[in-house]
Amino acid sequence: MQGRNHLVVNAALAVATESLFHPAGPVFHWMDACSFFTHAGALPTVGTVLGYKCIYYSCTLLTARLPDIDQRIRIFGKHRGFSHSLMGLLFFALILLGGGLLFADFLRRRGILVSQEIQMLGLLGILSLTLGCLFHIIGDSVTFMNDGV
């Protein structure tokens, strides 16, 4: 599958996942967007929901081509090898989670307190990046190549 096709597949699966499971927060209706312009008090709520949605969709699209890194860097073996497996996906998720925990510990040791909302944004980013890689693998699973699926 070509890179632009991965972007389309990731976008479609991100919308479907958001519609079914709402990982980026509550549903954002067009009436919420109208209240953004008509009610000044709605600004923080609408801004938070929009921020969650932007992080979710941008991270899932950002990782649309990440598993294809094995085409450029041959440390993972053949194409559609480790980086296209569930084990590779778990490894990637654990690296992201570990990096996030190390960064949070680094900030805590320096006396920088991070609000719970920022922590939730970080977890949403990790979830979205992992889902983006999963969507890539799903997209590749419906296409065939000479070296296997």
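Bear in mind these aren't lab numbers, they're just calculated from the coordinates by the rules spelled out. Note that the coordinates shown come from a computational prediction; the quantities given were computed from them, not determined experimentally. Note: ideal-geometry Cβ built from the backbone for every residue, glycine included; neighbour counts use all protein chains shown.
As a proxy for reagent exposure, ranking ILE95, ILE126, ILE73 by other Cβ atoms within 10 Å from fewest up yields ILE73, ILE95, ILE126. Ranked for footprinting exposure by Cβ neighbours inside 10 Å, fewest first, HIS84, HIS29, HIS136 give HIS29, HIS84, HIS136. Across segment 126-142, coupling constants 3J(HN,Hα) worked out from phi with the 6.51/-1.76/1.60 Karplus curve, θ = phi - 60°, read 5, 4, 5, 5, 5, 4, x, 5, 4, 4, 4, 5, 4, x, 6, 6, 9 Hz, and Gly and Pro carry x. Only the Cβ atoms of Lys and Arg (+1) and of Asp and Glu (-1) were treated as charged; on that basis the dipole of segment 3-141 about its Cα centre amounts to roughly 480 debye.
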